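Enquirer: Before we start, here is the structure in question, set down as structure tokens.
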Amino acid sequence: MTPKILSNSKTRIKQRATTFKCVRRCGWLVPALMLWGLASLPSSWAFAVLSSQEPLQENSLPIENHDRALPYSPTVEGLLEIAYSQHPEIMRSSAGIEQAEGNRFQATRRPNPEFGYSGSEIGNEGRAGQQGIYLSQEWVTAGKLEIAGAAGQHRIIAAGERLEWARLSLNRRVQNQYWSLVAARKRVELLRQIESLLSEAVQNNEALFNAGERGKGDLLQARLELNQLSVRQRQAAVDQRVKTEALAATLGVSTDWIDQLPSDSWPTSTLSKTWITQANSAETWLASPEIAEAAALIEAARCDLRLAQSQITSNVNSFASVQHDAATNDVIVGIQVGAAIPIRDRKTGLIKAARAELAEREALLSSRCRDLHARWIQAQGDFEAAQEMIRSINDELLKLAEERLELARQAHHQGEIDYLELLTAQRSYLTVLQSAIDAHEQATLAFVRLETLAVDESADFSTTTR
């Protein structure tokens with residue numbers, strides 16, 4: 001998502017000063033009235049501020065279950081849309097953009113002028129003295145506001161990259177949980193089919209044992225295999241339930257809603273030989289929000305360094321006053337212009353801290369590049385290893401295991417081999433099928449990691465920048 005760019009147009013503050021003629025010989029009445037008016041202002045201002053705030057809405061509290069508001073969507077893309085629309089991490093990152101925009105806007109505002117009452121020599125020889133008004137203004141120099149605006153703009157860009165980072169991280173989490181659930185379902189279904197075959201084998205061995213054609217050892221072995229498979233099936237069912245609850249928790253829906261989702265077929269991209277070459281390009285690396293955010297933070301740190309160096313040039317303070325002298329009936333005008341002389345404080349510590357922050361940001365970019373490269377290579381290796389296993393299973397292993405099992409069944413039915421040899425063929429076939437599920441899951445999860453630019457899911461987006 002591209003962050004909203006604030007306009008660079010400058011707002012000028014118009015200053016107006018009006019003179020007035022004091023009432024002659026008003027004595028202490030004028031300052032007393034003005035002090036009374038100033039004392040009454042804070043309460044009215046506070047009332048205005050409090051009355052302008054919106055009350056807390058009842059529906060602003062987090063909702064645990066969103067089933068009623070969700071359309072039924074059986075695709076992975078539909079699950080991602082649900083996650084993007086309501087996940088708190090996306091909302092928090094979006095709020096971070098608004099915060100960065102607000103900070104930039106506030107950092108580029110010019111100081112407000114100050115207006116007030118001025119009185120001197122009041123009561124001298126029983127007269128009203130000199131009474132009037134004054135207007136003061138601080139003038140920001142050395143382009144500090146422009147530099148602060150540039151730094152804020154880079155932080156807005158960094159906040160937008162953090163939002164994209166959060167979206168990719170959530171994308172990876174949802175897809176990992178979904179495809180792990182699909183694999184768990186396939187394992188449960190596979191074990192259920194094998195259990196049906198073993199139950200049939202137990203019945204056959206019981207019939208042969210009762211007819212005196214088989215020994216009791218074959219029957220006990222068949223029952224043992226069936227019981228062990230039943231334990232594995234229950235474990236697989238527990239694993240499926242856990243992964244269902246994990247996906248439901250991420251999406252904020254109920255487990256019943258997840259149970260209604262069909263299992264998609266494995267992504268075709270996991271079988272593509274050219275996908276890795278296309279993905280492993282310079283454009284892909286530059287698109288990583290981790291790198292883009294670190295680059296934006298470096299630019300912001302450079303602006304902060306320029307801003308710290310500009311602090312050596314002091315701002316200019318101006319003061320103008322108009323007073324009426326009750327003794328001479330003259331109007332007295334006063335003007336003052338001044339600036340701090342940078343003798344004792346030349347902002348050395350501020351500049352040193354800004355340089356250190358810039359060095360830290362540059363080191364952060366280098367560190368992220370190394371970590372991203374390591375994660376990318378690991379994901380690429382997992383992807384290629386799983387691809388090799390899938391090709392081997394599809395081209396050789398599955399066909400050999402099916403043929404071996406079919407020959408063992410025929411030989412066992414004809415009494416040429418005992419049941420242990422048949423069990424060995426069944427175990428080999430089961431191992432190949434389970435390996436196929438594991439390889440497809442590994443390839444899909446590695447593909448998801450590469451598709452989401454191998455983002456670091458452990459990042460805390462609220463503390464990435466200062």
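Enquirer: Say R0 is 60 Å: what FRET efficiency, to the nearest 0.05, do Ala237 and Arg346 get from their beta-carbon distance?
Expert: 0.25
Enquirer: To the nearest 0.05, what FRET efficiency results for Leu365 and Glu125 with a Förster distance of 56 Å applied to their C-beta separation?
Expert: 0.15
Enquirer: If r is the Cβ-Cβ distance from Thr431 to Ala353 and R0 is 51 Å, what FRET efficiency results, to the nearest 0.05?
Expert: 0.25
Enquirer: Highest mean first, how do 243-251, 329-337 rank when packing is the count of other Cβ atoms within 10 Å averaged over residues?
Expert: 243-251, 329-337
Enquirer: Multiply the residue separation of Arg409 and Asn103 by 0.36 nm, subtract the distance between their alpha-carbon atoms, and state the gained length in nm to one decimal.
Expert: Separation in residues times 0.36 nm, less the Cα-Cα distance, equals 102.7 nm.
Enquirer: Grab the alpha carbons of the stretch 95-218, take their convex hull, and tell me the volume per residue in Å³.
Expert: 217 Å³
Enquirer: Positive end of the charge dipole of the stretch 348-466 (Lys, Arg +1 and Asp, Glu -1 on Cβ, about the Cα centre): tell me which of Ser367, Met389, Ala436 has its Cα farthest that way.
Expert: Value computed over the given set: Ser367.
Enquirer: A further question on this structure: How high is the relative contact order of the stretch 115-233, in percent, counting Cα pairs under 8 Å that sit 6 or more residues apart?
Expert: 15 percent
Enquirer: While we're here: Can you tell me what percent of all Cα-Cα pairs in the stretch 193-268 are more than 17 Å apart?
Expert: 62 percent
Enquirer: Around Ser118, which amide H atoms from residues at least 5 apart in sequence, or from another chain, sit under 5 Å from its own amide H, with H modelled in the peptide plane?
Expert: Hits under the 5 Å cutoff: Gly132, Ile133, Tyr134.
Enquirer: If you average the C-alpha positions of the stretch 113-161 and of the stretch 414-454 separately, how far apart do those two centres end up, in angstrom?
Expert: 75 Å
Enquirer: Classify the stretch 380-428 from the C-alpha gyration tensor, please: rounded if a/c falls under 1.5, else prolate or oblate depending on whether a/b exceeds b/c.
Expert: Taking the square roots of the gyration eigenvalues as a ≥ b ≥ c, the stretch 380-428 is prolate.
Enquirer: Shifting gears a bit: Counting only other residues whose beta carbon sits under 11 Å from that of Glu121, what net charge do I get with K and R as +1, D and E as -1?
Expert: Its environment carries a net charge of -1.
Enquirer: Turning to a different aspect of this structure: Measuring from a point 7 Å past the Cα of Gln336 along Cα-to-C-beta, which residues in the stretch 124-156 have an amide N at less than 12 Å?
Expert: Hits in the stretch 124-156 for Gln336 at 12 Å: 134-137.
Enquirer: On to the next question. Once you have the Cα-Cα distance between Asp264 and Ala207, take 0.36 nm times their residue separation minus that, and quote the gain in nm to one decimal.
Expert: 16.4 nm
Laboratory data are not the source of any read-out in this text; all were calculated from the coordinates shown. Treat the numbers as computed from the prediction; the structure is a model and nothing was measured. When we count neighbours, we look across all protein chains shown, and the Cβ atoms used for this are built from the backbone with ideal geometry, even at glycine.
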